[in-house]
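Single-structure report; data block below.
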Amino acid sequence: MDIWPLYLFHPGAVTVNFGVSILTRCRLTALPGKRIHLKSIDTASEDQFSSLDELCSARRYKHPLAACLVKFFAPDGGLEVETNSESPAGAGISGSSALMIAMAAALARYTGRKLDREGIRVVAQNAEAQLIRVPTGCQDYYPALYGGVNAIHLDVDGIHREPILIAPEELDRRFVLAYTGAPRQSGINNWRVFQDHINGKGHVFENFERIGAIARGMHAALTHGDWNEVAHLIREEWKLRKTNAPGISTPAIERLIKIATRNGALAAKVCGAGGGGCVVFLAEPEGRERVMQTLRSYGGHVLSATVARDGLSLTGKVGPRQVTP
């Protein structure tokens, strides 16, 4: 829904999301000379270049997200970019988008580029599209920027974020986030759905219409704390989403959802584009622990996560000094 221009064909389009306390970090440190060092702690990979020119002329990178943004911001002098993400690889919880936000914000501060949060979002989203070579959605970047619970309105005059005023503790008591152990490939699934929508496949357009209505309903249900309606809408959205393209669900995902539902989960859906990654479950507060224990016993990796109270933060000064978002 949040991929341009698909939302323009569905007036009133909105997506609803919330940030989780699974963090990404980026540290920039000036190096003597012109050397560029890109280092990812969580993937244990790094690139070394003698200069920015050598980085720009390279064809392959072990840390492509960092390389893409360093090329865009073109810092003067030597620089080390060190990143770390707590998100499992391919989890579908926007870990790469959060990392792009952290790096883009840090590099903008370091190079003296004046970008507001929306400007940072545009750079991060466009750079990620360059990397995966298919259109990207916009909503993934807002939890990293702001945290909290958000309604992202997708309008003709632009994208507008509205915070949903619900106590984060209410969500903390009810949601469970579990990693299936299988990374998903969002670019493939999103591109297939994008093509089908543009090519006029009727069921995809109708699904988008219904998913848009569900999202508007979710906005209202969360605003009013109507948890029965929240559960109903999650179930309805997941049924529709699975029909958009093959591979959005998998036998492993269906098995976890079925088992959790038998043991207290009220609703569940895959995170992101599907095909693997994480599944989010909704439960009554008194049944949440049982759902978590059930998921663990059947091979699901339950992530320790709460609603993120804050989004992007920056420390450090403009120029060739250490900057840490």
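Overview of results
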{"read-out": "Hits in the stretch 35-76 - residues which are farther than 19 Å from G95 by Cα, touching a residue at least 40 places away in the same chain (Cβ under 8 Å) and in a helix (DSSP H, G or I)", "value": "F72, F73"}
{"read-out": "Within the stretch 1-60, tally of residues that are closer than 15 Å to F208 by Cβ and touching an Asp or Glu at 6+ places or on another chain (Cβ under 7 Å)", "value": "2"}
{"read-out": "Checking A283 against (1) at pLDDT below 95; (2) open to solvent by less than 10 Å² (accessible area, probe 1.4 Å); (3) more than 19 Å from the chain's Cα centre (by Cα), the condition it does not meet", "value": "(1)"}
{"read-out": "Looking only at the stretch 214-239, and only at residues there that are within 22 Å of the chain's Cα centre (by Cα) and free of Cβ contacts under 8 Å to residues at least 40 places away in the same chain, the one that is surrounded by the fewest Cβ atoms within 10 Å (Cβ to Cβ)", "value": "K239"}
{"read-out": "Subset of the stretch 97-133 (residues that are among the hydroxyl-bearing types (S, T, Y) and surrounded by fewer than 23 Cβ atoms within 10 Å (Cβ to Cβ))", "value": "T111"}
{"read-out": "Helices (runs of 4 or more DSSP H) contained entirely in the stretch 155-258, each with at least 1 residues that are polar (S, T, N, Q), modelled with pLDDT under 95 and more than 26 Å from A144 (Cα to Cα)", "value": "186-198, 202-224"}
{"read-out": "Verdict on K39 being modelled with pLDDT of 95 or more, over 22 Å from the mean Cα position of the chain (by Cα) and within 30 Å of G78 (Cβ to Cβ)", "value": "no"}
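The values are calculated or read from the model by the stated rules, or taken from the named source; none is laboratory data. Please read all numbers here as calculations on a predicted model, not as lab measurements. Methodologically, a virtual Cβ is constructed for each residue, glycine included, from the backbone with ideal geometry; neighbour enumeration extends over all protein chains shown. We work out accessible area using only protein heavy atoms, side chains counted, and drop any ligands, DNA or RNA first. Shrake-Rupley method; radii C 1.70, N 1.55, O 1.52, S 1.80 Å.
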